[in-house]
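Okay, so here's the structure we're looking at.
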Amino acid sequence: MKSLFFSTLLLGSLGTLCAFGDALETGFATMPPQTQPWCYYYWVSDNISKEGITKDLEAMKRFGIGEALIGNIFLDNQPAGRIKVLSEEWWSLVEHSIREGGRLGINIGLFNCPGWSQSGGPWIKPDQTMRYLASSETRVTGPKKFSEKLSSPNAQFQDVAVLAYPAPENDADTLASESAKLSIDPAQPGIEALTDGKLDTSFVLGTGPAPKIKPVTLSIDLAAPLTARSLEIFPTSSSFAAECDLQAQDDAGKFTSIRKFKCDRSNPNANVGAMTQGPVTLSFPATTSKSFRLVFSNFSSRGAKSELAEINLSGAARLESFVEKQLGKMHPTPTPTANSYVWKAQAEPNAAKLAVAPGDIVNLSSKLAADGTLTWDVPAGDWIIQRSGMTPTGMKNSPASPEGQGLEVDKMNRKLAQQHFDAFVGQLLKRMPAADRKAFKQVVGDSYEMGSQNWTDGLAEIFKKQYNYDPTPWLPVLSGRLVGSAEQSDRFLWDLRRLVADRIATEYVGGLKESANKNGLGLWLENYGHWGFPSEFLKYGGQSDRIAGEFWVTGDLGSIEC
């Protein structure tokens with residue numbers, strides 16, 4: 001009986017395996033819907049036709065494609081076709097593709113705007129786009145009656161706050177005010193451009209391929225000893241990167257290193273930060289000397305020359321890397337390292353007057369007239385009036401046909417994300433009866449390549465609700481000044497970065513998902529970004545219905561997405 005039992009068991013097992021094998025073979029030959037592959041279906045440079053779409057989809061059906069994700073992209077190396085995106089004829093072809101997908105049993109997804117990144121179009125206005133805080137400053141000495149129009153830092157500008165605070169000690173120190181004499185080795189003319197206070201002038205440290213540029217020593221000699229605490233190096237609009245060594249001469253005439261650091265402004269593009277000429281800022285313990293020097297070596301600039309706009313060595317206290325910490329400048333490559341957004345704790349300044357006392361900051365926002373005129377009775381002393389507001393980062397959806405390109409939508413505002421959805425996907429939903437678009441299943445969000453932003457409408461109240469304190473008195477930190485202390489200033493910027501990361505995930509991705517789901521659609525998202533991605537992959541993707549990644553075996557993108 002025992003052998004008969006095992007024989008029966010063996011035969012039964014072989015029968016099951018044979019049935020499984022048959023099902024497996026059948027599954028490979030005719031894939032069930034849940035295993036059919038999807039594909040990107042790029043309409044390149046407006047070269048599309050009704051007949052071509054039908055042939056494409058029929059070919060996909062023959063090869064077992066289950067879903068096609070339509071992206072309308074524009075490549076400069078391809079001749080442009082005649083069917084312009086957003087035209088009546090273009091919309092009719094989108095409808096045709098969905099109807100053909102329904103006929104053939106292929107589901108259709110549609111990128112949520114022209115281009116593959118990210119969410120923008122000609123319908124986005126400057127007050128609906130990605131924005132960051134910029135400021136203008138006016139210095140005034142009281143007591144006096146002040147009534148003047150405050151300048152705005154950009155033509156497109158939405159006021160957020162006008163603050164006034166006593167000027168910190170040494171705040172106006174510059175190398176020009178100290179009558180510093182600059183010299184360069186190897187010698188070359190034009191070095192005065194580094195201290196003329198203008199970001200549109202420059203000095204070339206070397207030309208040709210960066211690795212071939214020999215070390216350059218910039219000497220700074222002063223008539224009287226300077227107690228320096230900070231260094232700011234301002235780039236031009238072109239690429240600059242080098243290793244630097246800031247040195248000071250001691251009483252014995254010997255130069256010793258204060259700090260060695262990397263000055264990296266190798267990528268000036270706005271998609272790695274809207275503050276394209278934001279300075280590399282260094283803070284260090286107070287160091288007194290009549291002679292300093294800055295040694296540049298191991299250049300790695302990407303352009304034909306390595307040049308800088310301005311250098312300032314000062315006795316003022318500054319928050320180190322304040323541009324990076326406010327998301328004004330992000331990691332310059334698609335693959336940030338583990339410590340790209342981690343900074344060491346900064347030593348506190350050696351005198352309280354070097355920082356702005358939070359209790360001394362006066363909010364003058366209610367005194368600003370519609371035309372930008374501020375009227376204020378200035379108390380005694382030297383004051384800084386700071387007018388801060390939102391200005392567009394300038395990012396646009398890409399690579400998109402000119403007719404379909406426009407500003408990127410604000411990524412921290414759910415209402416605006418929904419308006420963007422309505423302006424593009426919503427138009428298709430209005431055009432097609434529900435019965436005709438059953439094959440339309442997905443709204444697609446590709447990888448994030450649009451850089452950072454750090455403010456949105458009503459963010460001060462959102463911030464206050466999240467962290468139980470008002471961010472407004474801390475806005476001077478965005479100019480590099482210390483408010484309260486270095487630690488408190490850093491903590492404020494940490495809170496700001498955390499809020500940006502959270503809201504880009506919950507309000508932008510969450511807003512698109514909400515809009516898609518309301519209309520019976522899913523949101524398909526590549527849950528990562530590069531070129532200045534300011535959120536977190538897991539939280540960002542966690543707001544979507546489905547997520548995807550990609551892997552590059554060539555180029556510099558590598559495996560970050562996976």
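Taken as a whole, the structure leaves Ser398 outside the set of residues that are touching a residue at least 12 places away in the same chain (Cβ under 8 Å) and open to solvent by less than 10 Å² (accessible area, probe 1.4 Å). Here Ile361 passes the criteria (1) open to solvent by 40 Å² or more (accessible area, probe 1.4 Å); (2) of a type outside the set (Lys, Arg); (3) within 26 Å of Asn454 (Cβ to Cβ); (4) touching a strand residue (DSSP E or B) at 6+ places or on another chain (Cβ under 8 Å) except the one numbered (1). When the criteria are applied in full, Asn170 meets the requirement of being more than 30 Å from Asp127 (Cβ to Cβ), outside any strand (DSSP E or B) and either touching a Pro at 6+ places or on another chain (Cβ under 9 Å) or open to solvent by 40 Å² or more (accessible area, probe 1.4 Å) (or both). Is at least one residue of the range 485-495 of a type in the set (A, V, I, L, M), in contact with a helix residue (DSSP H, G or I) (Cβ under 9 Å, 6 or more places away or on another chain) and within 30 Å of Thr138 (Cβ to Cβ)? The answer is yes; a qualifying residue exists. Check whether at least one residue in the range 205-218 is within 19 Å of Arg265 (Cβ to Cβ) and among the hydroxyl-bearing types (Ser, Thr, Tyr), and report yes or no. Looking through the range 205-218, at least one residue is within 19 Å of Arg265 (Cβ to Cβ) and among the hydroxyl-bearing types (Ser, Thr, Tyr). Might you check whether a residue that is open to solvent by 30 Å² or more (accessible area, probe 1.4 Å), part of a loop (DSSP other than H, G, I, E, B) and within 27 Å of Pro534 (Cβ to Cβ) occurs anywhere in the range 245-252? The answer is no, given that none of the residues of the range 245-252 is open to solvent by 30 Å² or more (accessible area, probe 1.4 Å), part of a loop (DSSP other than H, G, I, E, B) and within 27 Å of Pro534 (Cβ to Cβ). Scanning the range 218-230 for any residue that is assigned to a strand (DSSP E or B), open to solvent by 60 Å² or more (accessible area, probe 1.4 Å) and either aliphatic (A, V, I, L, M) or out of contact with any Lys or Arg (no Cβ under 8 Å at 6 or more places or on another chain) (or both) turns up at least one such residue.
Checked against the criterion of being within 30 Å of Leu194 (Cα to Cα), open to solvent by 10 Å² or more (accessible area, probe 1.4 Å) and not acidic (Asp, Glu), the candidates Asn339, Asn350 yield just one match: Asn350. In the range 467-493, the residues that are among the aromatic types (Phe, Trp, Tyr) form Cβ pairs under 8 Å with partners that are part of a loop (DSSP other than H, G, I, E, B), at six or more places apart or across chains, as follows: Phe492/Pro471. Of the residues making up the range 166-180, not a single one is under 30 Å from the mean Cα position of the chain (by Cα) and without any contact (Cβ under 8 Å) to a residue 24 or more places away in the chain. Of the candidates Ile233, Ile184, Ile213, the single residue that is touching a strand residue (DSSP E or B) at 6+ places or on another chain (Cβ under 9 Å) and either aromatic (Phe, Trp, Tyr) or open to solvent by less than 10 Å² (accessible area, probe 1.4 Å) (or both) is Ile233. Whether any residue in the range 100-110 is open to solvent by 60 Å² or more (accessible area, probe 1.4 Å), modelled with pLDDT of 95 or more and outside any helix (DSSP H, G or I) is what I want to check. For the range 100-110, residues open to solvent by 60 Å² or more (accessible area, probe 1.4 Å), modelled with pLDDT of 95 or more and outside any helix (DSSP H, G or I): absent.
Here Ala155 qualifies as open to solvent by 50 Å² or more (accessible area, probe 1.4 Å), within 20 Å of Thr456 (Cα to Cα) and assigned to a loop (DSSP other than H, G, I, E, B).
Taking the criterion of being within 20 Å of Asn107 (Cα to Cα), modelled with pLDDT under 95 and either open to solvent by 60 Å² or more (accessible area, probe 1.4 Å) or in a helix (DSSP H, G or I) (or both), the only residue of the range 63-95 that qualifies is Phe63. Ser179 fulfils the conditions (1) among the hydroxyl-bearing types (Ser, Thr, Tyr); (2) over 30 Å from Gly359 (Cβ atoms); (3) not in a loop (DSSP other than H, G, I, E, B) except for a single criterion, (3). Taken over the range 403-451, residues that are in a loop (DSSP other than H, G, I, E, B) and in contact with a helix residue (DSSP H, G or I) (Cβ under 7 Å, 6 or more places away or on another chain) amount to 11.
Conditions tested, residue by residue: (1) under 30 Å from Pro358 (Cβ atoms); (2) open to solvent by less than 40 Å² (accessible area, probe 1.4 Å).
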position: Asp490; (1), (2): yes, yes
position: Leu499; (1), (2): yes, yes
position: Ala505; (1), (2): no, yes
position: Val509; (1), (2): no, yes
position: Lys518; (1), (2): no, no
position: Trp524; (1), (2): no, yes
position: Asn527; (1), (2): no, yes
position: Gly542; (1), (2): no, no
position: Gly549; (1), (2): no, no
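If only residues of the range 120-131 that are out of contact with any Gly (no Cβ under 7 Å at 6 or more places or on another chain) and of a type outside the set (Asp, Glu) are counted, the one that is nearest to Gly529 (Cα to Cα) is Met130.
Looking across the range 1-27 at every residue that is farther than 30 Å from Met60 by Cβ and open to solvent by 100 Å² or more (accessible area, probe 1.4 Å), the one that is modelled with the highest pLDDT is identified as Leu17. Being open to solvent by less than 10 Å² (accessible area, probe 1.4 Å), in contact with a strand residue (DSSP E or B) (Cβ under 6 Å, 6 or more places away or on another chain) and free of Cβ contacts under 8 Å to residues at least 40 places away in the same chain is the requirement here; does Cys263 meet it? So Cys263 passes the test. Taking the range 28-42 as the range and being open to solvent by 80 Å² or more (accessible area, probe 1.4 Å), hydroxyl-bearing (Ser, Thr, Tyr) and under 12 Å from Val444 (Cβ atoms) as the test, only Tyr40 passes. Of all residues in the range 287-316, how many are part of a loop (DSSP other than H, G, I, E, B), over 14 Å from Val204 (Cβ atoms) and open to solvent by 40 Å² or more (accessible area, probe 1.4 Å)? Residues meeting the conditions: 3.
The values are calculated or read from the model by the stated rules, or taken from the named source; none is laboratory data. If you're wondering where the values come from, they're calculated on a predicted model, not measured in any experiment. Positions of Cβ are backbone-derived with ideal geometry, glycine not excepted, and every protein chain shown enters the neighbour counts. Areas reflect the complete protein model, heavy atoms only, side chains present, ligands, DNA and RNA absent. Shrake-Rupley method; radii C 1.70, N 1.55, O 1.52, S 1.80 Å.
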